[in-house]
Every structure is written in C-alpha cells, then in structure tokens.
Amino acid sequence: MAPVRGHPETAPIAFTRRQSPRSAAGLTIAASQSGSLWRVTTGHLAELALLLRKRNAIDAEIAQVIQRPMTSGHAGEWIAAQVFDIELESNAAMAAYDGHFRSGHWRARPST
C-alpha cells in the first residue's frame, strides 16, 4: 500500500471475515463477500480522522447559517426557502411539513 499523504506507512492490519469485528484495537472492518482481506493502516485512519474533523467544522459552520442541524435535506430546505420566500417551520423535525410561502401566488400555502 502506498503511504497516505503526510502520514508514515505503518504495518498494515489484516482482517478476515472470521475475526470478531471488535478485534484488533477496536476497529470494525467488514470483509468482502469473496472472503478477501481488507488492509487498513494507521496512516489511513489518521487521514480519515483529519478529514472528518474538517467536515465536522464545516458542518458546524453551515448549521450556524441555516439554523438547523446540517444534513443535505435541511440545507436543501434552507436554499429553497431563500429562493422561494418560504418561512420554514421552527421545528426541523416536523413530519411532512417544511413551512409556508410568505409571498407570491402560493402565499400561506404549505410547502412540503
């Protein structure tokens, strides 16, 4: 395996389908259906951890802008609300109802 950017290559950890998913330092690795081995290095884990930290920071910034937890659905609702002048429901978990139009032909009608 090639080294991961910025992380030294360490001895790969090999897993088989027969091993407990919690074996080998608590990692959960699924074997392919063919039974072949997956190889994970600590360099790959460190790279993934770094990317997840960056993603979480970006998601937190987006959540501040849209005033809802960051999911693609909430972001899409917020974009639609900005474009179509929709007042979103204050409860982001409201089933089957996102808000209502504030202006235009559809004023006061629900937006789903």
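The values are calculated or read from the model by the stated rules, or taken from the named source; none is laboratory data. Worth saying up front: this structure is predicted, and the values here are computed from it rather than measured. Every residue, glycine as well, gets a Cβ built from its backbone with ideal geometry; the counts of neighbours run over all protein chains shown.
Taking residues in region 71-94 that are assigned to a strand (DSSP E or B), and partners anywhere that are of a type in the set (Ser, Thr, Tyr), the pairs with Cβ atoms closer than 8 Å and at least 6 places apart or on different chains are ILE86/SER111.
Using the structure shown, decide if ILE79 is modelled with pLDDT of 90 or more, among the β-branched types (Val, Ile, Thr) and closer than 17 Å to GLY99 by Cβ. Yes.
Flag: ARG53 does not match the condition of being charged (D, E, K, R), more than 30 Å from ARG102 (Cβ to Cβ) and modelled with pLDDT under 60.
Within region 47-70, being under 26 Å from GLU89 (Cβ atoms) and of a type in the set (Lys, Arg) holds for one residue alone: ARG68.
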